[in-house]
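**Student:** My questions all concern the structure below.
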Amino acid sequence: MMNEIEKLQYQRWLNNSAARQQERERIARERRMPPEKIALGIARSLGMSVILWGEPGSGKSFVVEQMAKDMNVPFAEVILAQTEATDLGGIPVARWNPSGQPEMQRMPFEGVKEVLAAQKGIIFLDEINVDESKLGVAQNIFSSRRISGVPLGPDVWIVGAANPMETNRGVCGLTPAMARRFIHIDWSPTVVEDEILGLVPPREVPIFEVRPDWKESVEFQVAKAKVNDFLAEHQQLKWAKNDDLEDNRGWPLPAAWERVIAIETACDLLGITRLDAKHILLSGSVGNRAADTYVSWSGERELLDPELILENPALMKEIGTTRHDRVIITGVRLVKAVQNELTTERVLAATSALNQWAELDGAAEDIILPAIKDLIRIAPTQVKQRILDESPNIKEFAKVVRNIPAGTTTGFVAKPLTNAPTVRI
């Protein structure tokens, strides 16, 4: 029989195990998703308008409608090339007001009535650049957040779709005044082609929910300071001229950098680990060139010195659990540092650092496994088994995925680290 303390400890162990399993499942699902879907989920959580750039029939409306179904909210698709501007502005009709006087009112466009009535859902404006005469109408909907004369509440998300100019004759480009209002996402048919063909059931787009007070969070303050530091060092990217507009997509300007702050905050609050998804949003906000510069600068700024980690392995935990890419790079740097000055103490310090970080994450084994394997390869013979013994999570994980017998290092054969990965900092 367990006493009360033992029961409490057992329940805590069960809760922690369940939490770790849930985190494993969440991260596993996220890793299987196309980055475009994750990017869409993040943008929706922030209420940011998006334009999907893709060929006709590439699944743009399909995936957005699927999001609405998953969220159980109304979905309205408006094909601008087939819709009259007066319809979107609301058809004027004469009505009698309560005092018996005639007045002009606007009848809502039939296609969006359900969304307007519910004041929640997704409005999908398709083919926004097929008819140049409709660009102004689309811009007005996005900027004023009104359709048919009815204001749209915060729970209505507007998504646009456009055909790439380079592969579609007759389509027009967006004006800078319009282009700056969106996150631009390149949409490939490969993202959902199997779903459209019915080869696999529709796969979810992650429905993230950022807390309403995210602008009051510590994560927001950190993201704001980070972006401000970057712009202080890269003044030329603070506000580019319209001439630098990249293919009628995003380019650097203050409003775009405010979106970057929001994206950074959301990724931290939601625990997003996919750097490729975040890069899609950054490029879609400030353009490819500025986004690449920012991502490179971020990586250099935030990587810990491996020598400091070897002196104090607990520093590894400061990386946190939201940036697995940073953990992998730090692991490579740790192995290189140990290889440059190979001692038992430094090997074990690196092992300790990696395992201390792994204790923070519910699905970390595959993240640190490459670094642990490389440490075993370069370690002195008498230390190899000790590395594995001091990495219990890795030991169990390796037995499953590599079929390594318990108590052995089969599969971790010692050999020179001739092709060690390199990272330029």
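The values are calculated or read from the model by the stated rules, or taken from the named source; none is laboratory data. Given the structure is predicted, the values throughout are model-derived calculations rather than measurements. Here Cβ is always computed from backbone atoms with ideal geometry, including for glycine, and neighbour counts include all displayed protein chains.
**Student:** Suppose the filter is in contact with a helix residue (DSSP H, G or I) (Cβ under 7 Å, 6 or more places away or on another chain), surrounded by fewer than 19 Cβ atoms within 10 Å (Cβ to Cβ), at pLDDT 80 or above and not polar (S, T, N, Q); does A350 pass it?
**Tutor:** Spelling it out, it is not the case that A350 is in contact with a helix residue (DSSP H, G or I) (Cβ under 7 Å, 6 or more places away or on another chain), surrounded by fewer than 19 Cβ atoms within 10 Å (Cβ to Cβ), at pLDDT 80 or above and not polar (S, T, N, Q).
**Student:** Further, regarding this structure: Given D305, D292, which one is closer than 30 Å to Q235 by Cβ, modelled with pLDDT under 85 and surrounded by fewer than 16 Cβ atoms within 10 Å (Cβ to Cβ)?
**Tutor:** Answer to the check: D305.
**Student:** What residue, of E166, E127, is out of contact with any Phe, Trp or Tyr (no Cβ under 6 Å at 6 or more places or on another chain) and at pLDDT below 80?
**Tutor:** Only one candidate passes the filter, namely E166.
**Student:** Considering each of V200, V210 in turn, give the residue that is assigned to a loop (DSSP other than H, G, I, E, B) and more than 19 Å from the chain's Cα centre (by Cα).
**Tutor:** Sole residue among the options that is assigned to a loop (DSSP other than H, G, I, E, B) and more than 19 Å from the chain's Cα centre (by Cα): V200.
**Student:** Take the residues of region 186-205 that are touching a Ser or Thr at 6+ places or on another chain (Cβ under 9 Å) and under 11 Å from K37 (Cβ atoms): which is modelled with the highest pLDDT?
**Tutor:** Checked region 186-205; the qualifying residue modelled with the highest pLDDT is W187.
**Student:** Residues to consider are G153, G173; find the one that is of a type in the set (G, A, S) and under 26 Å from G287 (Cα atoms).
**Tutor:** Exactly one of G153, G173 is of a type in the set (G, A, S) and under 26 Å from G287 (Cα atoms), namely G173.
**Student:** Considering only region 140-158, state which residues are under 18 Å from I183 (Cβ atoms) and not in a loop (DSSP other than H, G, I, E, B).
**Tutor:** I141, F142, S143, V156, W157, I158
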